[in-house]
Amino acid sequence: MRTYKAFHQKSITDYESFWKEQAEKIDWFKFPETIYSKSDEGFDRWYSDGTLNTSYLALDRHVKAGRGNQLALIYDSPVTDKKMTYTYAQLLHEVEMVAGMLLSLGVTKGDRVIIYMPMISQTVFAMLACARIGAIHSVVFGGFAPNELAVRIDNATPKVMLTASCGIEVQKVIPYKTLVDQALDLAAHKVDHVVLYQRPEYKAEMIEPRDIDWQILKAKSKPAKYVEVKSTDTLYIIYTSGTTGKPKGVMRDNGGHAVSMKFSMDYIYNCKPGDVFWAASDVGWVVGHSYIVYAPLIQGCTTVLFEGKPVRTPDAGTFWRVINDYNINVFFTAPTAFRAIVKEDPNGELKSKYDLSSLRYLFLAGERCDTGTLKWAQKLLNIPVIDHWWQTESGWPMIANMPGLELLPVKPGSSSVSVPGYNMTILDQDGEEVGPQEEGSLVIKRPTPPGFLTNLWRNTERFIAAYFTKYPGFYNAEDSAYKDAEGYIYITGRMDDIINVAGHRLSTATIEEIVATYPDVAECAVIGIADEMKGQIPVGFVVLKDGVTTPQEIISADLIQKVRDNLGPVAAFKTVYFAKRLPKTRSGKILRKTMRNIVDQKPFTAIATIEDPAVLDEIRDLVFQKEVLVEQS
Ligand code: COA
Ligand code: AMP
């Protein structure tokens, strides 16, 4: 039996032999002789001379091994009242067909394909089909508006886009194709084709000859075989929010990714081939990439694609229904989903209708797990509830309790300990390691392990500047944290202006850019404030230009709509405060952190360089005015 400590130690001190041993657990076409190396620019590279195919690993390999009749994918859609299942053999066939469709449109190795699709089986086929032919997919989350999609189209320059006529949000039909058309009008880059899957719930208009019907193309296409790719070839690009308005195109390789997926299923999720794994997320986020699609399939598990919400589809018992129906063994979601359930069913009474005896673990990630939610889930489910920490950049957990290795005691407020492969340290402003209980910047000592981002698409300079410059030799996670004497890590928040809204990572800078371009706005600051259900939500503080006579309610409604139209509904931007001025330093820098503390009612001290401390009271009055008035009446 391996203990966590020894295993972690080996992963740090003897990382080449550690990751060679893990690489032996997946099937390569050519097993790598070089385990770790550096790229020409000096970046960490894994298995550089190995070759493989991720779709082969996720599908063909299991069929060849006689598991063709095992369930691979379960599609469960309470919003359309549909359910579908695919065995490994059936899923392989569907993926071969979509791969053939892409080949027929001239898509080949290294070409990009943007996938803007809802949570339907075809989206999974599409991702694996790209992997099969060595094309690079970039899945864009459906809650982003056309403008954000256009930015990604111009950065990824895809040959083809795959979409569906609509997404369904509880009862609302969202016409995805219309959003794609708008995005393509906005983008400078032109795609060769848009392949559209018509859903019965909404029929989209086609713009010919650019647009091609999915089913018609499928009927004309031939199944495609997998191609051999290099370990270091890019499997996908996933865009994530950075501190500027422009998203970062996180690049993931094939070889390191496959090894990390398998490793995490073995040691973190303790999930064996044949088990049923469910990540209630969206394929547009990294959790969906890794734990709806790649990891469960590479591991030979059954995965669940759930097109619904934790509540309202139809009620707060829907998670328990899915666990019961498919005998889920390991379940993964975001704490916000549980908070949504608690709000509607505080005593978890809906659970009593279902048998959850198959469930072994609940994993939570994507945002801070508050102690209340952790304890509620522990009491209700009576199984280990494991908070774990990771980022789009890592693609798999970096801090976690690992039942597949050794289940350590759970400490509320901590995501537990560094995962093997990650040498996590906490540094002060000068780059010195801090002691136990001292807060600082959470960093990873290089080398970063397999699966970790390899670069930012077409932006090596930003890759270096964003992650590796502040603390040379370390990856800077931009989260603040402290460790206790036993090495448990407690995440305390982001160091930058990224906020986390219902488990979705958003940049306040993007929202600020949208608000600032409104003609009546002189200046603005957007900050994230605590929200009981979503964790955080953005609010705007706006200073209007002199002489503006338009009523504030109209400007406020316009700004809210503008953010929705430009960034997307997922931003949940619903509050605007009109201020006379914003707190600034004498050099003109807006004091966003101080504003955050005021709004969250946390202690703060006015910094010495503040222009005029009285403005802090003005901000406080603005936010709490209503409450003060209520108290007085
Ligand atoms: N396509 C189009 N629109 C979308 C969308 C998608 N894929 N996903 C969300 N939206 C829209 C919603 O319809 C909503 O629009 P509205 O303002 O018109 O109501 C808005 O974006 C916000 O959506 P959401 O964040 O889902 O909030 P909600 O209030 O509808 O639901 C929760 C709240 C907590 C139930 C929901 O956020 C949730 O299930 N979160 C889990 C988070 C998660 O899985 N995170 C991934 C990391 S593990
Ligand atoms: P994303 O890249 O969207 O996965 O967001 C990553 C960010 O979400 C991290 O940098 C953290 O700020 C936050 N986050 C993710 N998981 C956790 C967790 N378990 N606890 C606290 N914060 C988390």
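Can A337 be described as within 13 Å of ligand 1 (Cβ to nearest atom), within 30 Å of L128 (Cα to Cα), surrounded by fewer than 24 Cβ atoms within 10 Å (Cβ to Cβ) and not assigned by TED's automatic domain parsing to the domain that holds Y267? Steps first, answer last, please.
Details: within 13 Å of ligand 1 (Cβ to nearest atom): yes; within 30 Å of L128 (Cα to Cα): yes; surrounded by fewer than 24 Cβ atoms within 10 Å (Cβ to Cβ): yes; not assigned by TED's automatic domain parsing to the domain that holds Y267: yes.
Yes, satisfied.
What pairs come out if I take residues in region 354-378 that are open to solvent by less than 50 Å² (accessible area, probe 1.4 Å) and pair them with residues that are of a type in the set (S, T, Y) whose C-beta lies under 7 Å away, six or more apart or interchain?
F363/Y269; L364/T333; E367/T336
Search region 301-322 for residues that are within 12 Å of V276 (Cβ to Cβ) and touching a residue at least 60 places away in the same chain (Cβ under 8 Å) and pair each with any residue that is open to solvent by 10 Å² or more (accessible area, probe 1.4 Å) and of a type in the set (S, T, Y) when their beta-carbon atoms are under 9 Å apart and the residues are at least 6 apart or on different chains.
Once the first residue is within 12 Å of V276 (Cβ to Cβ) and touching a residue at least 60 places away in the same chain (Cβ under 8 Å) and sits in region 301-322, its partners that are open to solvent by 10 Å² or more (accessible area, probe 1.4 Å) and of a type in the set (S, T, Y) give T302/T85; T302/Y326; V304/Y75; V304/Y326.
Taking the stated definitions as given, is L408 in contact with a helix residue (DSSP H, G or I) (Cβ under 9 Å, 6 or more places away or on another chain), open to solvent by 10 Å² or more (accessible area, probe 1.4 Å) and among the aliphatic types (A, V, I, L, M)? Walk me through it before giving the result.
Details: in contact with a helix residue (DSSP H, G or I) (Cβ under 9 Å, 6 or more places away or on another chain): yes; open to solvent by 10 Å² or more (accessible area, probe 1.4 Å): yes; among the aliphatic types (A, V, I, L, M): yes.
It is true that L408 is in contact with a helix residue (DSSP H, G or I) (Cβ under 9 Å, 6 or more places away or on another chain), open to solvent by 10 Å² or more (accessible area, probe 1.4 Å) and among the aliphatic types (A, V, I, L, M).
Is there a residue in region 433-445 that is touching a residue at least 24 places away in the same chain (Cβ under 8 Å), among the aliphatic types (A, V, I, L, M) and away from ligand 2 (no atom under 16 Å from the Cβ)? Steps first, answer last, please.
The initial filter retains those residues of region 433-445 that are touching a residue at least 24 places away in the same chain (Cβ under 8 Å), namely 434, 436-445.
Still in the list and also among the aliphatic types (A, V, I, L, M): 434, 442-444.
Subsequent filtering for residues that are away from ligand 2 (no atom under 16 Å from the Cβ) retains 434.
Yes - at least one qualifying residue is present in region 433-445.
Restricting to region 414-430, what's the tally of residues that are in a loop (DSSP other than H, G, I, E, B) and surrounded by 15 or more Cβ atoms within 10 Å (Cβ to Cβ)?
Looking only at that region, the number is 8.
Of the residues that make up region 87-94, is at least one open to solvent by 10 Å² or more (accessible area, probe 1.4 Å) and either closer than 19 Å to L52 by Cβ or in contact (Cβ under 8 Å) with a residue 60 or more places away in the chain (or both)? Don't jump to the end; show me each part of the working.
Just the residues of region 87-94 that are open to solvent by 10 Å² or more (accessible area, probe 1.4 Å), to begin with: 87, 89-90, 92-94.
Filter once more, so that each one left must be either closer than 19 Å to L52 by Cβ or in contact (Cβ under 8 Å) with a residue 60 or more places away in the chain (or both): 92-93.
Yes - at least one qualifying residue is present in region 87-94.
For region 287-321, enumerate the residues that are touching a Lys or Arg at 6+ places or on another chain (Cβ under 9 Å), among the β-branched types (V, I, T) and open to solvent by less than 10 Å² (accessible area, probe 1.4 Å).
I298, T318, listed by residue number.
Check whether at least one residue in region 43-61 is part of a strand (DSSP E or B), farther than 27 Å from C301 by Cβ and in contact with an Asp or Glu (Cβ under 9 Å, 6 or more places away or on another chain), and report yes or no.
Yes; the residues of region 43-61 include at least one that is part of a strand (DSSP E or B), farther than 27 Å from C301 by Cβ and in contact with an Asp or Glu (Cβ under 9 Å, 6 or more places away or on another chain).
Name the residue that is least open to solvent (accessible area, probe 1.4 Å), counting only residues in region 175-195 that are within 16 Å of ligand 1 (Cβ to nearest atom), out of contact with any Pro (no Cβ under 6 Å at 6 or more places or on another chain) and free of Cβ contacts under 8 Å to residues at least 40 places away in the same chain.
K177
Matching residues to (1) of a type in the set (F, W, Y); (2) on the phi > 0 side of the Ramachandran plot; (3) more than 22 Å from the chain's Cα centre (by Cα):
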position	(1), (2), (3)
W376	yes, no, yes
L381	no, no, yes
Q391	no, no, no
L408	no, no, yes
G413	no, yes, no
P420	no, no, no
G435	no, no, yes
E439	no, no, yes
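Let's see how each residue does on (1) in contact with a Pro (Cβ under 6 Å, 6 or more places away or on another chain); (2) outside the structural domain of E393 (by TED's automatic domain parsing); (3) aliphatic (A, V, I, L, M); (4) surrounded by fewer than 22 Cβ atoms within 10 Å (Cβ to Cβ):
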residue	(1), (2), (3), (4)
V443	no, no, yes, no
P447	no, no, no, yes
E461	no, no, no, yes
A466	no, no, yes, yes
A509	no, yes, yes, yes
I527	no, yes, yes, no
F541	no, yes, no, no
V548	no, yes, yes, yes
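State whether the residues of region 511-525 include one that is of a type in the set (S, T, Y) and touching an Asp or Glu at 6+ places or on another chain (Cβ under 8 Å).
yes
Quick one: how many residues across region 387-419 are within 15 Å of ligand 1 (Cβ to nearest atom) and of a type in the set (D, E, K, R)?
Total meeting the criteria: 2.
Answer with yes or no whether Y226 is more than 16 Å from ligand 1 (Cβ to nearest atom), crowded, with 16+ Cβ neighbours inside 10 Å and either assigned by TED's automatic domain parsing to the domain that holds G134 or within 26 Å of T80 (Cβ to Cβ) (or both).
Taking the combined requirement at face value, the residue satisfies it.
Give P273, P247 a once-over and let me know the one that is touching a residue at least 60 places away in the same chain (Cβ under 8 Å), more than 16 Å from ligand 1 (Cβ to nearest atom) and surrounded by fewer than 18 Cβ atoms within 10 Å (Cβ to Cβ).
P273
Within region 477-501, can you find the residues that are away from ligand 2 (no atom under 11 Å from the Cβ) and modelled with pLDDT of 90 or more? I'd like the intermediate steps shown before the answer.
Filtering region 477-501 down to residues away from ligand 2 (no atom under 11 Å from the Cβ) leaves 482-488, 497.
Across region 477-501, the qualifying residues are Y482, K483, D484, A485, E486, G487, Y488.
T313: within 13 Å of ligand 1 (Cβ to nearest atom), assigned to a loop (DSSP other than H, G, I, E, B) and under 16 Å from the mean Cα position of the chain (by Cα), yes or no?
No, not satisfied.
Kindly indicate whether any position in region 570-580 is surrounded by 15 or more Cβ atoms within 10 Å (Cβ to Cβ), at pLDDT 85 or above and among the basic types (K, R).
Checking region 570-580: not a single residue is surrounded by 15 or more Cβ atoms within 10 Å (Cβ to Cβ), at pLDDT 85 or above and among the basic types (K, R).
Any idea how many residues of region 30-58 are aromatic (F, W, Y) and either within 25 Å of A99 (Cα to Cα) or without any contact (Cβ under 8 Å) to a residue 60 or more places away in the chain (or both)?
Here the count works out to 2.
Regarding R132, is this residue open to solvent by less than 10 Å² (accessible area, probe 1.4 Å), in the same structural domain as D181 (by TED's automatic domain parsing) and away from ligand 2 (no atom under 16 Å from the Cβ)?
yes
The values are calculated or read from the model by the stated rules, or taken from the named source; none is laboratory data. These numbers were taken from a predicted model, which means no experiment stands behind them. Cβ coordinates were reconstructed from backbone atoms using ideal geometry, including for glycine residues, and neighbour counts include every protein chain displayed. Areas reflect the complete protein model, heavy atoms only, side chains present, ligands, DNA and RNA absent. Shrake-Rupley method; radii C 1.70, N 1.55, O 1.52, S 1.80 Å.
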